[in-house]
1. Quick check: from the Cα gyration tensor, does region 52-179 come out rounded (a/c under 1.5), prolate or oblate?
2. Compactness ratio of the chain: Cα Rg over 2.2 N^0.38 Å, N = residue count?
3. Does region 91-135 come out rounded, prolate or oblate, given a ≥ b ≥ c as the square roots of the eigenvalues of its C-alpha gyration tensor, rounded meaning a/c under 1.5 and, failing that, prolate meaning a/b above b/c?
4. Can you list the residues, at least 5 places off or on another chain, whose amide H is less than 5 Å from the amide H of Glu77, using H built in the peptide plane?
5. Once label points are set 7 Å from the Cα along Cα→Cβ at both Val146 and Thr64, what is their separation, rounded to one decimal in nm?
6. How do Met184, Met285, Met290 line up, fewest other C-beta atoms within 10 Å first?
7. DSSP loop (so not H, G, I, E, B), at most 15 other Cβ within 10 Å: list which chymotrypsin sites (Phe, Trp or Tyr not before Pro) in region 136-205 pass both filters.
8. On a full-extension model of 0.36 nm per residue, what is the gain between Thr89 and Asn53, subtracting their alpha-carbon distance, rounded to one decimal in nm?
Amino acid sequence: MFKYIRNRLIISIVTLLVILSVLFLLLDLMPGSPFNDEKLSEDQKGMLYAKYNLDKPLHIRYFTYMKNVIFKGDFGESYTIQKNVPVSTLLKDRLPISIRLGIQSLLVGALIGVLFGSVAAINKNSGWDTFTTVFSVLGISVPSYVFALGLSYFLGYKIHLFPFTYDIYKPLESSVLPTIALSMFVIATVARFMRTELVEVLGSEYILLAEAKGLKTRKVLIKHSIRNALIPVITVLGPITVSLLTGSLVIERIFGIPGLGDLLVTAISVNDFNVVISIAFFYSMFYIAMMLIIDVLYGVIDPRIRVAKGEQNG
């Protein structure tokens, strides 16, 4: 297992370097410029290009940029959002907010989804099963921003149960509504998969054999049924992570959250390329880290997978 994790780490690092290279080259080929101000003359624009080394050939700018990122962690300076301010300074306060919101949404959604799906499978064809099915369809079909607007209006504006806009002095309370809005898709997806898989597991021969041997129902459910049903559920957490990253862009705007999503939208609108590259890179890093964690969880839940991976990498 250790060798497998080590190899995955190496692959992840190489993948991130490739992503960073592609982002740099794609944004360089994009039309437009960070200095589109009509008040600037051509000479002034030329001076700005020279100041930020944008007048250098592509290959020189590329290798300089990669060297600074890899060895110094320097993603350059902001061109327009906050001129001459290092990108790392812009991200320092925003990155923890977005990471916390994403992890909260994923954990809350996964735990509630597993609970809903398990209860629905155990009580198949009951009222709760029907409710879970309907909820799953709505949660998958309705965009997260619709839930965000509804929660903000009813629980924030009307009832005043939670702040309907983000308050930096009340980070926990302010993150409740965004977390619920983002986790709705996670809950619906996990509940649907958990219900389907657990129904199949409960009807399998080895579960029937365990019950015939007189094992307690609770032990059969927790140790055998739910544990085996979780393996396919964990598989969908990777794609769900992507949906959280993309959904957070709109959610952060709705709730006024000073996170990476809000900054990314602003950076794209003003062609602040260094900021766009850095945020896209951190999103990629978060996704790859989640995929690595999911792979490790496979081995924790099912030792057979851990042994198989050890044999493959041994």
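Derivation of every value follows stated rules applied to the coordinates shown; laboratory data play no part. Computed from a prediction, not measured in an experiment: that's the story for all the values here. We place every Cβ from the backbone using ideal geometry, glycine too, and count neighbours over all the protein chains shown.
1. On the way: a/c = 3.27, a/b = 2.09, b/c = 1.56.
Since a/c reaches 1.5 and a/b is larger than b/c, the shape of region 52-179 is classed as prolate.
2. On the way: Rg = 23.9 Å, N = 314, 2.2 N^0.38 = 19.6 Å.
Relative to the 2.2 N^0.38 Å estimate, the chain comes out at 1.22.
3. Working: a/c = 8.15, a/b = 4.03, b/c = 2.02.
It is prolate, given that a/c is not under 1.5 and a/b is the larger ratio.
4. Close amide H contacts, sequence-distant or interchain: Val87.
5. Each label point lies 7 Å from its Cα, and together they span 4.9 nm.
6. Values: Met184 26, Met285 16, Met290 20.
Listed from fewest to most nearby Cβ atoms, that is Met285, Met290, Met184.
7. Values: sites: Tyr145, Phe147, Tyr153, Phe154, Tyr157, Phe164, Tyr166, Tyr169, Phe185, Phe193; in loops: Phe164, Tyr166, Tyr169.
Loop-located and lightly packed - Tyr169.
8. Values: separation 36, 0.36 × 36 = 12.96 nm, distance 2.04 nm.
The span from Thr89 to Asn53 would gain 10.9 nm if fully extended.
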